[in-house]
Amino acid sequence: MNSQIQQITKTEWEIPIGFVPGMRVPGRFFLSENLAENIEDGALTQLANVATLPGIIRYSFGMPDIHWGYGFPIGGVAAFNAETGIISPGGVGFDINCGVRMITTPLHISDIPDMKGLIENLFDSVPTGVGSKSPLRLSQSNLSLMLEEGAKNAVDMGYGMESDIRRCEENGAMKGALPEHVSKKARQRGIPQCGTLGSGNHFLEVQVIDNIMDASAAKTFGVSEGQICVMIHCGSRGLGHQVCTDHLQILESATKKYGIELPDRQLACAPLSSPEGEAYFGAMAASANYAWANRQIITHIVRELFTKKFGISYEDMPLIYDVAHNVAKWEEHDVDGSRQTVCVHRKGATRAFGPGRVEIPQEYRACGQPVLIPGSMGTPSYLLAGTQGAMEKTFGSTCHGSGRVQSRSSAKRSQTGEEVAEALLKRGIIVRAPNPAAIAEEAPEVYKSSSEVVQTVHDAGISRIVARLRPLGVIKG
Amino acid sequence: MVFEELEHTADVRMRISAPDLPSLFSESGFALAKTLYGPYHFETPAYSFPIEAEGKDPEELMVNFLSELLFLFETEYLVPQKITISIDSSVSGTVEGVLFDRAKHAGGIGVKGISYSGMSLAKTDTGYELIIIFDI
């Protein structure tokens, strides 16, 4: 650990002003003492760089899955003042509204004697990996509607149930989407990729709930031990990636125009109230809406397959929740004793609103927002609940996953994909991917322990553990 | 080897070397393609597409050129075999290739974008060297 870092509590650390020139606020990150030993200097510098941005409020935050990204670190959270603050694509990421959702089923392990067959069926049904094509033929006008309406648009087209919509963060559609700021190129990338999983760390996993830690919250969320669930992790595909690329270029000029000094070109930004900032926000919101529709369509494919294969009803596979990982949003928070509307950037972080917030679906509101934290292929995923502690400490934010610790190239050197798949099979986990390298690069060992990351956010009081989910089978892009 | 993968925790970080700028650009294009598609053998190109990019400095020119290529790969399902370009204040040329075939080209990983973070494009004793991160 760098000697300038100060430990505040058992799980909280501070990067003092002055760590890099121009910091306006300190950095704060959450890590167990064990995880803190391995924090990368690159991630610390990036966290400090974010603290130099105009209008940043209180701290530049790092969640326990923090690692070296570009612009913001992955696991970075920062809130900006509406009048003096900025918006930056580097604080959202290329994959706008990359996120996770989970559906439950009425099945138990004993109902799925042929897990390998199920995983093969899922791999064949859900378009996965580089070069995969959309199961839809979207028109330009369809796409425009999708960019405005998000999950609702997919449900209206027959991909889901009405009840899915309100179980998505933002009800599956951010307000303020401006499809006119989504370029022709972004549209061209979005049309053939709608309803596809993508690649990299994106996955679709069949899991079983193997431990309930908070019985009352589990009951509220409608999950019980032994239940088979499906978790889906993907985002806005080429459409969102292109929006990020396009607007980075626009915002790079805007940074100079508004006289903003930056320590890293990838932090290109513009004042929230500027035309460039508003255009990016509108295009980002439209991309986020596309991502909700994308996850909704994939969910539909899964439900159809389960209905056909297991004879269960579509309605018996409710969506528990859908969270966004990469997004900037207007939210109300208490700042210095007053209620303010601020722009919260979460890059590889999850909203974790505590009990009582109106944004949480009514049936969950007293309990706090459901938070879904995916593990890696071999490690458990978790269902958590948002807390008042998150509202007070982190602008209602928590971690988003385990966080990588090993590079892709070194992962490939240490084990082949076949070896990783074989080792997982011995533990009862079936993996299917388009190529062995995709498995090697995502081996469980390359991530921090999901259990340790989740325990850290629990101990820090920024969310609380409700249930653990063990992986049974996974498809990777 | 004209390009090699360097350590990076989450993304793909590449070092690409070439004797002159046009070959640095085309080799960087192949580095991107091999990230996406995995190693693949040369085939006689069946399709040809024009490519153009602009930029205020060499770094921006490179990011924009690679972003254009990525767009072409994703929307045309093109696997490049030959990249012919000329460079002055902008880049222009052609990309020739074959169509994506899952049996031959599914060895890679999707690239979301070309990052400026940690990027360097420098003149060396033997030509040019680029270090760049592909976000995946």
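Need one number: the % of Cα-Cα pairs in the stretch A:358-477 sitting beyond the 23 Å mark. Walk me through the intermediate numbers first.
Working: 2750 of 7140 pairs.
Across the stretch A:358-477, Cα pairs with separations above 23 Å total 39 percent.
Please find the FRET efficiency linking A:Lys426 to B:Glu129, where r is the Cβ-Cβ separation and R0 is fixed at 35 Å, and quote it to the nearest 0.05. E between A:Lys426 and B:Glu129, to the nearest 0.05, is 0.20. As a proxy for reagent exposure, A:Trp13, A:Trp330 were ordered by neighbouring Cβ count within 10 angstrom, fewest first; the result is A:Trp330, A:Trp13.
Each residue of the protein assembly as shown gets 141 Å³ once the volume of the Cα convex hull is shared out per residue.
Each Lys or Arg adds one and each Asp or Glu subtracts one; over the other residues with Cβ under 13 Å from the Cβ of A:Gln340, this totals -3.
In this structure the amide hydrogen of A:Gly375, modeled in the peptide plane, comes within under 5 Å of the amide hydrogens of A:Ser381, A:Tyr382, none closer than 5 places in sequence on its chain.
Which whole-number value in Å³ per residue fits the convex hull of the alpha carbons of the stretch A:152-226?
167
Beta bridges assigned by DSSP with both partners in the stretch A:1-102 are antiparallel in approximately 80 percent of cases. Taking 13 Å as the cut-off, the amide N atoms of the stretch A:69-109 that come nearer than this to a point 7 Å along the Cα-to-beta-carbon line of A:Gln340 belong to A:79-86.
Based on C-alpha pairs under 8 angstrom that are at least 6 apart in sequence, chain A has a relative contact order of 22 percent.
Exposure proxy ranking for A:Lys426, A:Lys175, based on other Cβ atoms within 10 angstrom of each Cβ and starting from the fewest, stands as A:Lys426, A:Lys175.
Projected over all directions and averaged, the alpha-carbon convex hull of the stretch B:60-136 occupies 6.2 nm². Estimated at 0.36 nm per residue, the fully extended path between A:Met213 and A:Asp41 surpasses their Cα-Cα distance by 58.4 nm.
Spin-label model, A:Ser273/A:Lys133: points 7 Å from Cα along the beta carbon direction are separated by 5.0 nm.
Size check on the stretch B:3-135: the Cα extents along the three principal axes, sorted descending, read 39, 34, 25 Å.
Seen against the Cα atoms of chain A and their longest principal axis, helix A:417-426 is set at about 60 degrees. With the charge dipole of the protein assembly as shown set up from +1 on Lys and Arg Cβ and -1 on Asp and Glu Cβ about the Cα centre, the Cα lying farthest toward the positive end among the listed residues B:Gly38, B:Leu61, B:Ile87 is that of B:Gly38.
Charge tally around A:Tyr314: other residues with Cβ under 9 Å, Lys/Arg +1 each, Asp/Glu -1 each, net -2.
The H on the amide N of A:Ser397, modeled in the peptide plane, is under 5 Å from the matching H of A:Ala352, each at least 5 residues off or on a different chain. For the stretch B:41-49, backbone phi angles converted through the Karplus equation (6.51, -1.76, 1.60; θ = phi - 60°) give residue-by-residue couplings of 8, 5, 9, 5, x, 10, 10, 9, 10 Hz, Gly and Pro being listed as x.
Only alpha carbons enter this Debye calculation for the stretch A:281-364, each as an equal point scatterer, and the log10 of I(q)/I(0) it gives at q = 0.18 Å⁻¹ is -0.96. Against the main long axis of the alpha-carbon atoms of chain A, helix A:140-149 sits at an angle near 70°.
With both labels modelled 7 Å from their Cα along Cα-to-Cβ, the A:Glu304 to A:Ser451 distance reads 3.9 nm. Charge tally for A:Val155 (other residues, Cβ to Cβ under 10 Å; Lys, Arg +1; Asp, Glu -1): -3. Exposure proxy for B:Asp88, B:Asp11, B:Asp20: other Cβ atoms within 10 Å of each Cβ, ordered fewest to most, give B:Asp88, B:Asp20, B:Asp11.
Computed from the coordinates by the stated procedures, all read-outs in this text should not be read as laboratory data. For clarity, every value in this text was computed on a predicted model and none was experimentally measured. Neighbour counts are summed over all protein chains in view; Cβ atoms, including those assigned to glycine, are modelled from backbone coordinates with ideal geometry.
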